[in-house]
Amino acid sequence: MLCKMTGSFFVAWKPECFNMKFKGMALSHITRLFIIVLLVISGCARMPNIGKTPLRPKSLSELEGYVLNHKPALDLFRLSGPFEVERQDDREIRLSDTERVEADLFLAGHAEKAPLVIFLHGHGASKESHAYQAMHAASWGLHGLTLQLPVEGPWINNGKTLARIVEFVHRQPEALGARIDVSRIILVGHSFGGVAVAVALAEKARVAGGILLDPAGESGDVPGYLLRIDAPVLVLGADERVSAAVNRDYFFRYTRGKVAELSITDASHEDAQFPAEGGHTTEALQITFAAAITSASFSLALTRRFEQAWASFEEDFRNGKLIRGKKK
């Protein structure tokens with residue numbers, strides 16, 4: 001499936017998304033068609049109505065210059081970015097003759113090479129759980145890739161697979177498109193997917209750094225992998241008064257350096273996905289996760305550090321939307 005989007009709005013029906021004729025249809029057929037259209041819209045463009053940034057850069061380079069020079073507040077990244085996004089669903093990554101991984105690709109609509117943000121789901125979830133976050137980052141000019149790996153782990157193995165995917169992208173960037181900047185790859189993992197990202201970093205995957213979305217880890221092997229990480233890591237967590245991820249404290253405590261952690265006030269573990277429903281989930285908090293991922297990805301891509309993103313968080317720390325920030 002290939003769908004073109006801009007910001008938070010679905011802007012063009014493409015034949016790949018919609019290829020039916022109305023002429024001569026009975027009412028029941030039209031009813032079925034209406035249901036199909038709703039499913040297509042939900043699959044291609046399940047997006048919140050968040051508005052679009054007033055920024056109108058002529059290129060990604062111009063936008064990157066603005067971000068570096070202005071240190072924009074997180075509120076800017078809560079809006080949809082200035083670029084259109086092309087989504088390509090169910091792309092196959094062939095790691096070997098016998099090992100293939102399914103992924104969805106989100107290409108930012110500009111002509112320059114751009115960083116690639118790779119998203120990995122957690123336990124029982126899917127690549128669709130992070131489609132909005134990937135599309136949001138792509139609307140800001142950063143290409144996105146969401147992966148489908150085994151939903152029950154083992155997460156150490158998923159991390160080693162993730163490291164092989166990164167190596168594949170380095171060797172064959174044209175498999176995803178000519179505009180992938182392999183020198184600026186960022187890994188994002190939710191929950192147990194955070195373990196997989198940590199393992200990939202420990203395996204020295206060639207990336208700019210990792211963003212762990214309320215990471216959780218049950219395996220006793222996790223601290224050993226964290227001790228081997230030397231890439232920058234940001235732990236972007238839920239509010240532990242609302243929900244506490246298993247052993248989340250490991251990820252700050254054992255990562256030996258270049259690690260920062262903060263929590264989103266009132267957010268639940270599931271808010272690190274979109275859409276997430278039920279319990280304590282709130283769409284506004286899910287948007288905050290997407291905004292923080294985008295800001296942190298810019299920071300890593302541009303500086304290989306999180307200080308740029310940390311500056312964008314300052315206002316939200318002051319107003320209490322973000323809490324428990326710490327770095328080492």
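The values are calculated or read from the model by the stated rules, or taken from the named source; none is laboratory data. Only a predicted model underlies this, so the values are computations on that prediction, with no experimental measurement involved. Ideal geometry is used to build each Cβ from the backbone, glycine not excepted, and the neighbour counts take in all protein chains shown.
Odds and ends about this structure:
- Filtering GLU283, GLU307, GLU315 for residues that are of a type in the set (Asp, Glu) and under 25 Å from VAL199 (Cα atoms) leaves a single hit, GLU307.
- Extreme residue, farthest from THR282 (Cα to Cα), among residues of the stretch 218-234 that are surrounded by 21 or more Cβ atoms within 10 Å (Cβ to Cβ) and in contact (Cβ under 8 Å) with a residue 40 or more places away in the chain: TYR225
- Extreme residue, surrounded by the fewest Cβ atoms within 10 Å (Cβ to Cβ), among residues of the stretch 129-152 that are without any contact (Cβ under 8 Å) to a residue 40 or more places away in the chain and closer than 19 Å to HIS269 by Cβ: GLU152
- LYS326 fulfils the conditions (1) within 17 Å of PRO232 (Cα to Cα); (2) part of a helix (DSSP H, G or I); (3) over 18 Å from the mean Cα position of the chain (by Cα) except for a single criterion, (2).
- Residues of the stretch 52-75 that are touching a residue at least 40 places away in the same chain (Cβ under 8 Å) and part of a helix (DSSP H, G or I): LEU60, SER61, LEU63, GLU64, VAL67, LEU68, LEU74, ASP75.
- Residue check for LYS113: surrounded by fewer than 22 Cβ atoms within 10 Å (Cβ to Cβ) and at pLDDT below 95: no
- Test: THR255 is part of a loop (DSSP other than H, G, I, E, B) and within 19 Å of the chain's Cα centre (by Cα): no
- Flag if GLY124 is out of contact with any helix residue (DSSP H, G or I) (no Cβ under 8 Å at 6 or more places or on another chain), in contact (Cβ under 8 Å) with a residue 24 or more places away in the chain and either closer than 20 Å to ILE211 by Cβ or surrounded by fewer than 24 Cβ atoms within 10 Å (Cβ to Cβ) (or both): yes
- Filter result (assigned to a helix (DSSP H, G or I) and either over 17 Å from LEU142 (Cβ atoms) or hydrophobic (A, V, I, L, M, F, W, C) (or both)) within the stretch 76-92: LEU76, PHE77
Residue-by-condition table, conditions (1) under 14 Å from ARG78 (Cβ atoms); (2) outside any helix (DSSP H, G or I); (3) of a type in the set (S, T, N, Q); (4) in contact with a His (Cβ under 8 Å, 6 or more places away or on another chain):
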residue: SER295; (1), (2), (3), (4): yes, no, yes, no
residue: LEU300; (1), (2), (3), (4): no, no, no, no
residue: ARG305; (1), (2), (3), (4): no, yes, no, no
residue: TRP310; (1), (2), (3), (4): no, no, no, no
residue: ASP316; (1), (2), (3), (4): yes, no, no, no
residue: GLY320; (1), (2), (3), (4): no, yes, no, no
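- The strands (runs of 3 or more DSSP E) falling completely within the stretch 148-248 that include 2 or more residues that are more than 21 Å from ALA260 (Cβ to Cβ) map to 180-190.
- In the stretch 46-75, of all residues being among the polar types (S, T, N, Q) and within 25 Å of ARG179 (Cα to Cα), the one that is surrounded by the most Cβ atoms within 10 Å (Cβ to Cβ) corresponds to THR53.
- Test result for VAL166, among the β-branched types (Val, Ile, Thr) and touching a residue at least 60 places away in the same chain (Cβ under 8 Å): no
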